[in-house]
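Read through the structure below, which is laid out as structure tokens, and then see the notes.
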Amino acid sequence: MELTIGAVVKGGTSLGYKTGSWRDQRPVLDMKKCKVCGQCESVCPDSAVHVVEETYIIDYDYCKGCGLCAYECPADAITMIREDK
Amino acid sequence: MSVVKVLEGSEAVALAVKACRPQVISAYPISPQTHIVEGIAKFVADGDMDAEYVRVDSEFSAASVISGASAAGSRAYTASSSQGLLLMSEVLYASCGMRLPFVITGVNRTVSAPISIQVDQQDTMSLRDCGMIQLFVESSQEAYDAHITAFKIAEDPKILLPVMVCMDGWVLTHSYERITLSEEKDVDHFLPPFKPANFLDVKNPKTWGSIGEEDMVMEFRYSVQQAMQYAKGRIKEIFAEWAGISGRNYGGLIESYKTDDAEVILLAMGSMAGTMKDAVDNLRSAGDKVGLVKIRSYRPFPYEDIWEAVKGAKAVAVVDANLSLGSEGAIGMDLKAKLYGAPNAPLVVDVIAGLGGRDVNESRIKKIVEKVKEAQASGYFLREPYWAGLNPTIVPQGV
């Protein structure tokens, strides 16, 4: 990032900042158990769960691995897996 | 034609702000600042002033509103005191870093506890490190003129920092003085509309105060320090330019009063400097070579100018109406740090005076001068500040 007076820079650049690299656990979704209820999408604080037709896609570019989706999933369809494994 | 009126100090400030045509005012009441924003509210309500007047829920919001307004390219203003200024402090640090040139009147009042609404300079001076330019004034007329120059200093493209005009509560804000008001067309000529290079614009989105970590925070701070250093010269030019238009000249970053041959020099800020000028005159009539340096710009700290004024003296009594608990008064610390190692520097004695509205009257000032002369004659370097007017009989015992 360029150093400017007042640290004034072009806006809207956060999309290019892939915060998924902060994650140390990744949520993995098992579509065989998923009831497509939408809980994971609604609780995700990073809006990193997207509905695509009849399935859910987790956006690993922005998922920070907080685990809320796995905790809230009523069908236990999401498992948190350590990134180093 | 300028107009002469008898005005309360707060009214004079409200009129100065009106003449500067700010577009956004935020206001949250706190004594002794309230009359200023009340006065401005009336101008706006009467249609005499075309500004957005935002009544906020706290001083934190008051500072946030002018911060956002300034980023959007508006000239913005608020006023506060004491606890209110302390509540603003987080926003003020960020605003200085984001180089947002609004103006605040910091009406000097002590801070809690004990709860007190009386004057001292603890509140404004505790914000000295955040990056604001801080001007201190002796009279309401000087407050009027300082506000007009404050916007021009803040908005200078090479400065771009908030300016706080610090004026003593009650003594100035609530007393009536003969005030000469300049013509608005003169102010308009002196202070053209605010046109920043960067401003919030939906068509060209920008972020203020973006992230910067260990690779750039030092350089960022250094650039603000450079702006402060540049401001020293520019403030003098702006003061001189307004003095030429208004006919009222208070000096530059400091005002030296009878310092040329002075052996003991008092150094102070704000309204007590007025009493000190009388004390200096009377001491001189009695044969004492005493002078006064009044600091007008506390940040940036004008040590070069102070050195020029005090270098021939034997001793300097720094009268601090504030205290950095666990050390001493803030101006005392500043001056000792800057004079250390200077050849034949005068003895600097820090004096704590006037806390919580304790009167700094002529007899007390004479005692300060006596005390400093004693210290100077003994050759003993006072490490602890001298407390002027302390009543030891009521100090609570036990820790």
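The values are calculated or read from the model by the stated rules, or taken from the named source; none is laboratory data. All figures in this text were calculated on a predicted structure; none of them were measured in a lab. Don't worry about glycine lacking a Cβ; one is built from the backbone with ideal geometry, like all the others, and counts go over all protein chains shown.
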1 or more residues assigned by TED's automatic domain parsing to the domain that holds B:GLU138, surrounded by 24 or more Cβ atoms within 10 Å (Cβ to Cβ) and touching a residue at least 12 places away in the same chain (Cβ under 8 Å): qualifying strands (runs of 3 or more DSSP E) within the stretch B:8-114: B:24-27, B:76-81, B:103-108
Odd one out for B:GLY274 among (1) within 14 Å of chain A (Cβ to nearest Cβ); (2) in contact with a Ser or Thr (Cβ under 8 Å, 6 or more places away or on another chain); (3) under 30 Å from B:VAL349 (Cα atoms): (1)
Check on A:PRO74, closer than 30 Å to B:ILE211 by Cα and loosely packed, with under 14 Cβ neighbours inside 10 Å: no
Out of B:TYR303, B:TYR298, sole residue that is among the hydroxyl-bearing types (Ser, Thr, Tyr) and in contact with a Cys (Cβ under 9 Å, 6 or more places away or on another chain): B:TYR298
Options A:LEU15, A:LEU29: the member that is surrounded by fewer than 16 Cβ atoms within 10 Å (Cβ to Cβ) and free of Cβ contacts under 8 Å to residues at least 60 places away in the same chain: A:LEU15
Positions within the stretch B:365-384 being buried (at least 20 other Cβ atoms within 10 Å of the Cβ) and closer than 30 Å to B:SER81 by Cα, in sequence order: B:ILE365, B:ILE368
Residues located in the stretch B:210-254, provided they are over 14 Å from A:ALA7 (Cα atoms) and of a type in the set (Val, Ile, Thr): B:ILE235, B:ILE238, B:ILE245, B:ILE254
B:ILE265 being within 24 Å of B:ALA231 (Cα to Cα), buried (at least 23 other Cβ atoms within 10 Å of the Cβ) and of a type outside the set (S, T, N, Q): no
Test result for B:PHE239, modelled with pLDDT of 95 or more, away from chain A (no Cβ under 14 Å) and either assigned to a helix (DSSP H, G or I) or on the phi > 0 side of the Ramachandran plot (or both): yes
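One line per residue, one yes/no per condition, for (1) of a type outside the set (Gly, Ala, Ser); (2) closer than 25 Å to B:ILE133 by Cα:
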residue: B:SER297; (1), (2): no, yes
residue: B:ASP305; (1), (2): yes, yes
residue: B:GLY312; (1), (2): no, no
residue: B:ALA321; (1), (2): no, yes
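For (1) within 14 Å of chain A (Cβ to nearest Cβ); (2) free of Cβ contacts under 8 Å to residues at least 24 places away in the same chain; (3) buried (at least 18 other Cβ atoms within 10 Å of the Cβ); (4) among the aliphatic types (A, V, I, L, M), each residue gets a yes or a no:
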position	(1), (2), (3), (4)
B:LEU127	no, no, yes, yes
B:GLY131	yes, no, yes, no
B:VAL137	no, no, yes, yes
B:PRO157	yes, no, no, no
B:TRP170	no, no, yes, no
B:PHE190	no, no, yes, no
B:ASP215	yes, yes, no, no
B:ARG221	yes, yes, no, no
